[in-house]
1. How much length is gained if the chain between residue 49 and residue 120 is pulled fully straight, taking 0.36 nm per residue apart and subtracting their Cα-Cα distance, in nm to one decimal?
2. What's the angle, to the nearest 10 degrees (0 to 90), between helix 187-203's Cα axis and the longest principal axis of the chain?
3. Charges on Cβ only, +1 for Lys and Arg, -1 for Asp and Glu, centred on the Cα centroid of segment 161-211; of 168, 180, 211, which one is farthest towards the dipole's positive end?
4. Could I have the simple spin-label model distance between residue 345 and residue 72, label points 7 Å from Cα toward Cβ, reported in nm to one decimal?
5. Measure nothing fancy, just the Cα-based angle from helix 298-331's long axis to the longest principal axis of the chain, in degrees from 0 to 90, nearest 10.
6. What number, in percent, do you get for the relative contact order of segment 18-184 if the mean sequence gap of Cα pairs under 8 Å and at least 6 apart is divided by its residue count?
7. How large is ³J(HN,Hα), in whole Hz, for each residue of segment 108-116 in order, when computed from phi with the Karplus curve 6.51 cos²θ - 1.76 cosθ + 1.60 and θ = phi - 60°, using x for Gly and Pro?
8. Through the Karplus equation 6.51 cos²θ - 1.76 cosθ + 1.60, θ set to phi - 60°, convert the phi angles of segment 67-80 into ³J(HN,Hα) values in whole Hz; use x for Gly and Pro.
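What follows draws every value from the coordinates through simple rules; no lab data is involved. Just so you know, these numbers come straight off a predicted model, no measurement behind them. Methodologically, a virtual Cβ is constructed for each residue, glycine included, from the backbone with ideal geometry; neighbour enumeration extends over all protein chains shown.
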Amino acid sequence: MSLATCVFFLALHAAAHEGYPISPAYATLRMEPDRTVADLRVDSIFWIEEVSGLNPMPAQNWPDESRARVESYVNAHFHLSAGGGLLNGKLVEARYRQLPWEVNEEGSFFLRMLYPLVPSGAALSVRAHFYEEYRREMMAQYQGRKIPFANDYRTFVDIPGRHPLRLTLTPDAPSFTVPADETRRTAFAMAREALLRGAQAALGAAAGFPTLLAIVLCLGAGPPDRATCAILCASAASGFAAGRFLNAPPWLIWAATLGGALAAQRRHAALMSGAAVCALGLTWCTAAKPLLPHCALAFPSALIGVLAAGAALLCVAWCGLRAEYRRLTTVCESRVDELFARRVRLTATVLAMVGAYGLWQSLQR
C-alpha cells in the first residue's frame, strides 16, 4: 500500500510540472487595398485559462471584457510594424470551436485582427512570441532541463502575396522583415478568397444541415415542378440580396428548420421550403461577410461560392431521399408511397425536435 501511495504522489508531482499543453500558433497575413488583416488560429487551453477568463468558452459573442483581454494579449505578442512604427491591431472577429471528439478545454480559437494599411514601398516587420512569459516560467522551474512542448513554442506565418511565403518564428528567431509590396495581392486573388469563404460558410455551418434536410422533405422524392423551382429561386435571391445589408439573428436558421419540418408532406410545403431557403441564404451570407476581403468582387464571388456549395448539399440530400424511395420499391412496390410517407413523417418529427431545441437554445443566449 505504501508503494502504491508513493507512486500515486510521484505521478501527481510529475503531472503538476507538465503545465499547459502548448501547440504552435498559425497566422495568415493578407494585404488589402485599405487595411492589413491577420487571421490567427491558436490552442485553446492556455487561452481559456490565462487569457480570456471564460470557462466554459462560448463559441462566439464573447463579453467585451474578454474580447479586450484577448486583443491586448495578441497586440503584446504579435507585432506588426512598418516604417519604424508599430501597428496597433483591433480584434474584429473571435470564435471558439470544439470538435465532437474534443473534451473539456480542448479546441481552437479563431481570431481576426485588423491593422492599418502598410504604405507602399515600406518594409513590413513581423514579430511573434506567444506564450513567452509562460515559457520563461517553465524554464526557471525546470532549471536547465528540457521543458515540456519545447519544440511547440512556434508561430507559422503565411503571407499569400505575389510570392507566397511561409515562415516559422521560434523563440530564437522570433521576427522577419519583407517588402510590403511583395505581400500585396491581385483583385483576382482576393475574389478567389471570397469564393472560398462563401463555400466554407455553407459547408461549415452545421446548423444549416437540418434546414437543408427539411427543405428536401418539403420537396419530396420527385423532381420539383416549375412553380416550386420559381419559388425556390426567388427565395434564394431574396435571401442573398438581404444578406448584403442585413445580418441574420442566430435563431433564424433553427426557426427555418422547425417550420420546414412541420410543413413537410402538408399544405403550403413549397412556400415553407422557399422561406427556409431564404433564411438559409441570409444566414450563410451573414457568416461569410465578416471574413471577406475589401474588394469590389468580394461579395459577388462569395455568393457564387455559397450557391455552389449550397446547391451541392441540396442535391446530395435530395439524392439520398430519392435513393430511399427506390429502396422502398424493392421492399413493397404496391405500398411504396405509404412506406415513404411514414419515413418522411418520422424524419420530419426528429427535425422538428432538433429545430425546436436549437431555437430554444438560441433564444436563451
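1. The residue 49-residue 120 span can extend by a further 21.6 nm.
2. Compared with the principal axis, the helix lies near 60 degrees.
3. Most positive-ward Cα: 211.
4. 6.0 nm
5. That helix lies at roughly 50 degrees to the long axis.
6. RCO, segment 18-184: 29 percent.
7. For segment 108-116, the Karplus curve yields 9, 9, 10, 10, 10, 10, 10, 10, x Hz.
8. These are the phi-based 3J(HN,Hα) values: 4, 5, 5, 5, 4, 5, 5, 5, 5, 7, 10, 9, 9, 10 Hz.
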